[in-house]
Each structure stands twice: as structure tokens, then as C-alpha cells.
Amino acid sequence: MENDANLGALSESLWGAGRGHQAVVYVKLGTGIGAGIVFDGQLFRGVTGTAGEIGHLSLDTNGDICRCGNRGCLELVASGAALVTALHPTRPDVTDLTDLVRLAIDDDAACRRLLADAGGHVGVALGGIVNLINPDRVLIGGELGRAGALLLDPLTASLQRSAVPAAVAALSVGPGILGERAEVLGALALVLREPERLVSPETPDIQAAG
Ligand SMILES: [Zn+2]
């Protein structure tokens, strides 16, 4: 009924690390990349429900072709799927994101480098988002978010370079705190606030999970 980044954005802004903030951008970094935007406690979905498709923000107009048809999308260089693929030639034993993050925390240099580079790319994309909507809180969730400072520090540094100083000064960046509960709680919030979205199968803006 709603994509998982939007659900995470809603729950984190109501009950998690975005509580008390006016404009929250929640980025879910998992196998794919998606973002949810909440203004004054309300999800901003856009006209057709695709607001927050940060994974398909192009960072390189000459880059590889993405499944969306564009070139050089963020998802091609910073999604969990892309990181596992990039590691494969040297570490074919690492087949999922959980292992990659655990190895990085255990001080594996290649995994740390991949997370740092991914953070840098996400920070550039977020710089554009921050310039556009001027939020006061950016939250990072999803499987990659579990890497903590290994990802957040380079992400924040890159965001600070990419956004205008006045917007950066009004902003704090942190991890989501609801973890795996974020989406369930977001669904709960949605049911409490918008029960009609549960019972209208013809709702046109249903999206696949990002
Ligand atoms: Zn794309």
C-alpha cells in the first residue's frame, strides 16, 4: 500500500529520530535506494507518488544505463546490490549486504572503502535534495545504515560540500533509530491517519517497494 522508504520516513518523523523536526528526509539504503519526505508530519508523495526516487537521480549523464532508462543513477554506484557486485571479483564469498556491513565493521579495508564511497555518492545526491527542499533533518536507514559512522561520516562530509551553507547550517544528519520496526510502525501510522488507503484497491498511486 505504500513504499518502504515512505513508511520509514513517516515512522521516524513521528516516533523516531525525526521527531520534533519540521521537514524530514529519510533515505533507505538497502538492496535499492529510496527516500521518503515528510513535511509537518505529512508524507509528501508528489502527484503520482514517485516523490523521493533518489536512487534514480543521475550523478553521471555519461554513466552506465540504469534499469529506469537513465544513465549514471545513484543506485548504480551506491545501492547494496551495486556494492556486493563491485566486491565480487575479489570477494566472491560475500553474497549479501549483511555480510558486507559486518566485514566493514570488523575492519575489512575493501568493504570499508565501498561503504565510504557509497556514502560520498549518496551525500552528493542528498546535497541536491537539501538545496531543493531545505529540510532540518536527514535520516539514514536500511541495511547500509547499520554501518554507522563508516557510512555516515563520508556521507555527511559529501552532503556538506554539495549543499548551500545556509541549508547545511539548519540541518542535522543521523541514523534512523527504529531499525527493522520502521516500516511496520510506518504502516501503523498510515492506518491510523489514512484508513481509506487500506480499503481502496483502485488507488492509482500504489507503488512497488523501492
Ligand atoms: Zn535509474
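Read-outs throughout are calculated quantities, based only on the coordinates presented, and are distinct from any laboratory measurement. Remember, it's a predicted structure, so these values are computed and weren't measured experimentally. Positions of Cβ are backbone-derived with ideal geometry, glycine not excepted, and every protein chain shown enters the neighbour counts.
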Whole-percent tail of the Cα-Cα distance distribution for region 10-140, cut at 27 Å, equals 25
Roughly what would the spin-label model give for Ala166 and Thr61, points 7 Å off Cα along C-beta, in nm? 2.7
What fraction of the Cα pairs in region 82-190, stated in percent, has a spacing above 18 angstrom? 53
Name the most mobile residue of Glu194, Glu12, Glu75, meaning the one with the largest mean-square fluctuation, in a Gaussian network model of the chain with Cα contacts below 10 Å. Glu194
Antiparallel bridges, percent of DSSP beta bridges restricted to the chain (to nearest 5): 55
Kindly point out which whole DSSP H helices in the chain project their C-alpha atoms 15 angstrom or further along the helix axis while averaging a Kyte-Doolittle hydropathy of 0.0 or above. 4-15, 109-133, 149-162, 182-193
